[in-house]
1. Under 14 Å from the 7 Å Cα→Cβ point of Ser403, by amide nitrogen: which residues of the stretch 357-371?
2. If I take R0 = 51 Å and measure r between the Cβ atoms of Lys312 and Arg437 in this structure, what FRET efficiency does the formula 1/(1 + (r/R0)^6) give, to the nearest 0.05?
3. Give me the number: length gained by fully extending Glu584 to Ala227, i.e. 0.36 nm times residue separation minus the C-alpha to C-alpha distance, one decimal in nm.
4. Could you work out how far apart the two model spin labels at Asn86 and Asn428 are, taking each label as a point 7 Å from the Cα in the direction of the beta carbon, and quote it in nm?
5. Using a 10 Å cut-off on Cβ atoms, rank the peptides 348-358, 259-269 from the highest mean neighbour count down.
6. Would you mind computing, in nm to one decimal, how far apart the modelled labels at Glu172 and Lys22 are, each placed 7 Å from Cα along Cα→Cβ?
7. If packing is taken as the mean number of other Cβ atoms within 10 Å per residue, what is the order of 534-547, 166-179, 144-157, highest first?
8. With just the Cα atoms of the stretch 181-237, tell me how far they stretch along each of the three principal axes, in Å, largest first.
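The values are calculated or read from the model by the stated rules, or taken from the named source; none is laboratory data. Computed from a predicted model, the values in this text were never measured in an experiment. As a convention, Cβ positions derive from the backbone with ideal geometry for all residues, glycine included, and neighbour counts pool all protein chains shown. Heads up: the accessible areas ignore ligands, DNA and RNA and are worked out on the full protein's heavy atoms, side chains in. Shrake-Rupley method; radii C 1.70, N 1.55, O 1.52, S 1.80 Å.
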Amino acid sequence: MKNLQDEKQRDLLINKSDGTNKFLTTDQGVRINDDNNSLKAGERGPSLLEDFILREKITHFDHERIPERIVHARGSGAHGFFEVTNPIPELTKAGFLQEKGLKTPVFTRFSTVAGFRGSTDLARDVRGFAVKFYTQEGIYDLVGNNIPVFFIQDASKFPDLVHAVKPEPHNEIPQAASAHDTFWDFISLMPESMHMIMWAMSDRAIPRSYRMMEGFGVHTFRLVNEAGESTFVKFHWKPKLGTHAVAWDEAQKISGKNPDFHRQDLWEAIEAGNFPEWELGVQIIPTEDENKYEFDLLDSTKIVPEELVPVKIIGRMVLNRNPDNFFAETEQIAFHPGHVVPGIDFSNDPLLQGRLFSYTDTQLSRLGSPNFHEIPINRSVAPVHNNQRDGHMRQEINMGRVSYHPNSLGGGCPYQAKIAEGGFYSFNERIDAHKIRERSESFNDHFGQAKLFFNSQTPVEKSHIVKALRFELGKVETTAIRVRMLGLLSQVDRELAEKVAIGLGATVPPILETPINHGVSPENENGKHEPRTVEQSVQSSDALSMLKNPTNSPTIASRKVAILCSDGVSEAAVSNMKKALLKEDAKGCIIAPHLGAVISDTDAEIHVDFSFLTASSVLFDAVYIPDGLGLSVLAESDEVNEFLNDAYKHCKVIGADGKAGAVLSAAPFASKITNEDQGLIITEEAASDKFVSDFISAMEKHRFWDREPNLYN
Ligand code: HDE
């Protein structure tokens, strides 16, 4: 197996052009002499139809847009590689998983689901986490999300779910938000969504960065080994930087201050050499254990708790190169859960089965042709030979007269590959069943794992879920929908429902209003598909809580610190902090009343990165006010007060040394400051190393949520 350590082989397949030092030409290669003026009848006369240069340019421009993805329209991606750290040949024959150290190029795209292409990155939403592996045996796509379960169990409900969450059709409001009537109307009638709702209302739905999210394959897949034996598998991506979120109030403010926050964060981290990295893990479930659990492995609203089946790490992914062109790569990349290689196969999960149809179909309208696999970013590095021909924008020039199989005129080529030659052979699962439009009763537990998720959260995380539900349902205008939701929530946890109800000024209904479950089956009428709660073998799982899982190796790499300055700032304090941050691969940004420079206490000019007008606390991970003279400028500034107030409210680290503590004493939250608050690093000593190291250690903890009023204390 060839090691694709560098991506040159892939690049050779791609036509790149940077246009530098080249003559401007038409699309037909004719050099252009004047690109600024159209051809006219006289200087002040009408333009001439003859102007083929103008017509070509405008025509191309008129057709520059393609339909955006129906879901996951908003996203960002990067190139990188996947490296095997722990080969699993006993489980799969997939070539790219066979040898330790083997590297395979990847392109990964992260996305939100509901918003349009230009919508904010910080919407409360599931994040897509789709990885294309350019393996020597063809393309393998692992098209997952940052949440391990899904809203629905059967593909037939997907269009309904998406119609419900997208902006309402009469007025196209709201953009990139689930907080509206149609979404909660649908959810309140779909008890199977309750587990997913717990995740979507948790801070998982407002990540700090794409680089700080887990990823999941969601469905159960199959691995198949050389001997044709199969194992069930769940895929997990574990971020090296840990899983972190922002606060909901912060997310909303970021949406205004910088809607490209995640896109920019990913781009800048890669440009700065802080390459994001994940471990790939698998949960291995022997086929004989298929029916061992209280949940069905084919039900995408369920996880396999890590307490029952641990995650085994098999490799790592590093994203180390930004795309050269967003449209050509990130927009035109076409993922498909059905792009698999020998050794990876499907389960009968009815959601996955529906996806296997949907993805090629959607590319036909989005990319416009069955030849989308010829677009450079979608090309396989394994040779492609078949009898597919023609179609819009065909790139390949197929030679010869034979485009059928079997043939004798082409010497029988291309010929079928035997299994031993790498021919894909579907796992020959035995199926003996009636053709039936039905759902398995083993899918009926809609609340058991929702409870497991909720019970696994820390008090802070539970409190955030309550507040998120108050927000979302608070935006719902129809009272009956809110009440139905309270009924469903009470089946997850009575206290949760009651706390949400307080925020809504409502009461939790005593019994669940008749849930209309998947309504497609007449059996539903006699109770066969009544939602129910099944006793769980695991009551609480630490793996489900972000706060119980701080990163293994605490780091502040790639984090940004706002350093609030005015003239007279201590040069020593600033440079001490900046140097220390740089050593940790973090960045200190100087923020001052105006751009240009501030003059330090030693009369040095310190370059200003942002003015108060263009910066905001929500765009930084921590705030530092250095010692200095003239600090009253900061203490008296409304902008600085707002800055500090947000940093405090969003539970970030705030540091002040020397005389700068006075600025904090003037801040609106001063009366709330307590000695127990470990996120406030204040010392009268100026520019001390201990202060800087305390500040950095506090930043490693990410947030000090204890500062917030907690509904579960
Ligand atoms: Fe997708 N999904 N999906 N989905 N999905 C699409 O394909 C679909 C589902 C996911 O960055 C579409 O190329 C159906 C689950 C990601 O380009 C479309 C069903 C999971 C992306 C589609 C699901 C996903 C998509 C839209 C229910 C997590 C973005 C554009 C049966 C495991 C990939 C496109 C990218 C995109 C259909 C459910 C993940 C329409 C029918 C569950 C990450 O084909």
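1. Under cut-off, by backbone N: 370-371.
2. Numbers: r = 38 Å, r/R0 = 0.74.
FRET efficiency, Lys312 to Arg437: 0.85.
3. Values: separation 357, 0.36 × 357 = 128.52 nm, distance 4.84 nm.
Gain in length upon complete extension: 123.7 nm.
4. About 3.3 nm separates the two model spin labels.
5. The packing order, highest mean first, is 259-269, 348-358.
6. Reported label-point gap for Glu172 and Lys22 is 3.5 nm.
7. 144-157, 534-547, 166-179
8. Answer, in whole Å and largest first: 52, 31, 14 Å.
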